[in-house]
1. Going residue by residue through the stretch 59-77, is there one that turns out to be surrounded by fewer than 10 Cβ atoms within 10 Å (Cβ to Cβ), in a helix (DSSP H, G or I) and outside the structural domain of residue 31 (by TED's automatic domain parsing)?
2. For the stretch 1-58, what are the residues that are in a helix (DSSP H, G or I) and of a type in the set (A, V, I, L, M)?
3. Might you check whether a residue that is touching a helix residue (DSSP H, G or I) at 6+ places or on another chain (Cβ under 7 Å) and among the charged types (D, E, K, R) occurs anywhere in the stretch 30-45?
Amino acid sequence: MGRGRVQLRRIENNISRQVTFSKRRSGLLKKANEISVLCDADVALIVFSNKGKLFEFSSDPSMERILERYERQIYAPTGSESQANWSLESSKLMSTIEVLQRNLRNFRGEELEPLSSRDLQLLEQQIGNSLKRIRTRKNKLMNESISVLQKREKTLQDQNNMLAKKLKEKQQTPTEHAQHEVQQKLVQNSPPSTSIQPPTPPPAATRFPCLTIGGSYEAMKGTNKEAELNLNLVPNQ
């Protein structure tokens, strides 16, 4: 008689359950390694214990590469589903293109007959908003252009002032040099300067007596009177 099938159920004893988990895990990892080596298959094995401990095996050095391949494979649509999806996407794109072309014609003022008053009001509002954005952008560009031109004008003005200053300095330099040469020539051609000596005072013998007003005059007058008296005293011959 053959051996009967063993019914699988949870092991209630914690120690027995832990021992069984360790044995089966080792066997499972061994089998995964064997199938990857013998059959040249990509194998990825992930096991979590009841306490949350991770055990893993990967035949590739990068577990992520196998997982990415798994995701691409599992989420890839089948042939019929892919064809249906492409047809649906194509119809959606065609509807979107048709709506955009109709809106463009309406913005150009074409095909306005099918539009209601509400649609025309919305169209007018959209065109007004578009005009505001266009004016705002245009004013911004104009202000930026004016700012650039002002900066360029200031730069050119500064350069012009600098050139004018250099030209003025160059014009003044030859004139000052010529004046300096003329002064040098005048100094070279002028006669040697003679020192002016003060007049020599006369000798002491030839000096004239100083006249003293007052006492000297009275002395001379007394002398004259004495001479007249002497003349009167001389007897007549």
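1. no
2. Passing the criteria: 15, 19, 28, 29, 32, 35, 37, 38.
3. Checked the stretch 30-45: at least one residue is touching a helix residue (DSSP H, G or I) at 6+ places or on another chain (Cβ under 7 Å) and among the charged types (D, E, K, R).
This table checks each residue for (1) surrounded by 10 or more Cβ atoms within 10 Å (Cβ to Cβ); (2) within 47 Å of the chain's Cα centre (by Cα); (3) β-branched (Val, Ile, Thr).
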| position | (1), (2), (3) |
| --- | --- |
| 86 | yes, no, no |
| 93 | yes, yes, no |
| 97 | yes, yes, yes |
| 105 | yes, yes, no |
| 111 | yes, no, no |
| 114 | no, no, no |
| 118 | no, no, no |
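The values are calculated or read from the model by the stated rules, or taken from the named source; none is laboratory data. Predicted, not measured: the structure shown is a model, and the values here were computed from it. Cβ sites come from the backbone with ideal geometry, for glycine too, and all protein chains shown count toward neighbours.
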